[in-house]
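The values are calculated or read from the model by the stated rules, or taken from the named source; none is laboratory data. What you are looking at is a predicted structure, and each value in this text was computed from that prediction instead of being measured. Positions of Cβ are backbone-derived with ideal geometry, glycine not excepted, and every protein chain shown enters the neighbour counts.
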Amino acid sequence: MASGKRVRARRPPRLATLAAVLALLSVGAAAAAFEGVSLPDTATFNGTQLRLNGIGLRTYSWLRIRIYVAGLYLERPSHDAEAILRSPEKKLLVVRFIHDVDAEDARKAWREGFQDNCLPPCHLAPADIARFLAAVPDMRSGDHSTLAFTSNAVAITLNGQTLGTISDPMFAHAVLAAFLGPHPPTAQLKRELLGLAE
């Protein structure tokens, strides 16, 4: 997203169920293993086959507490974060938690992710962020979540249950940028999701 462009007014993000779309989400049989977590090599989202682009581990603090393993699926694998963020193609981020995460800690991480990676002309209204954060629950080891991206929305599930969809292209971009933007949770996780880790 290049700076200097004027952002037109838009409706606030709408949080609504998207069961019909997510019901069309399926995964392949072959799997890639990482930190004891297996993720499939392919996934099908709304009729489109996606391939595992990279798989990585989110750690926290100098103690390197293992929080979750995430896998990024794309229609066409890429090592270019900006190209992935700009692409209108379908994307899927799968997260497997291996440590409990308090809801308030998760909300703090999202706030920081938006603040650090939603750069001009990206702008998220505080009220929209508040609605998003209000839906963030406690996470427990063994929980699994998906963020399914289309060209203008992101749909969210937790343990197979649809939490909803945010029908706002800029908000969807900001959600993915929280993982792939200039200030990701960790530089190593970003590299791993981009398939660049050794």
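Brief remarks on what is shown
- For the stretch 152-172, the candidate set comprises residues that are of a type in the set (Val, Ile, Thr) and either at pLDDT 95 or above or under 12 Å from the mean Cα position of the chain (by Cα) (or both); within that set, the residue that is farthest from Leu85 (Cα to Cα) is Thr157.
- Elements of type helices (runs of 4 or more DSSP H) contained in the stretch 67-151, each with 1 or more residues being modelled with pLDDT of 95 or more and over 17 Å from Ala172 (Cβ atoms): 103-117
- Selected residue (criterion: nearest to the chain's Cα centre (by Cα)) from residues of the stretch 36-51 that are in a loop (DSSP other than H, G, I, E, B) and under 19 Å from Thr157 (Cβ atoms): Asn46
- Every pair of residues 6+ apart whose Cβ atoms lie under 6 Å, when the first sits in the stretch 90-109 and is surrounded by 14 or more Cβ atoms within 10 Å (Cβ to Cβ) while the second is of a type in the set (S, T, N, Q) and in a strand (DSSP E or B): Lys90/Thr48; Val94/Thr146; Val95/Ser145
- Some residue of the stretch 123-130 being surrounded by fewer than 18 Cβ atoms within 10 Å (Cβ to Cβ) and without any contact (Cβ under 8 Å) to a residue 24 or more places away in the chain: yes
- Test: residue in the stretch 173-180 that is out of contact with any Leu (no Cβ under 8 Å at 6 or more places or on another chain) and without any contact (Cβ under 8 Å) to a residue 60 or more places away in the chain: no
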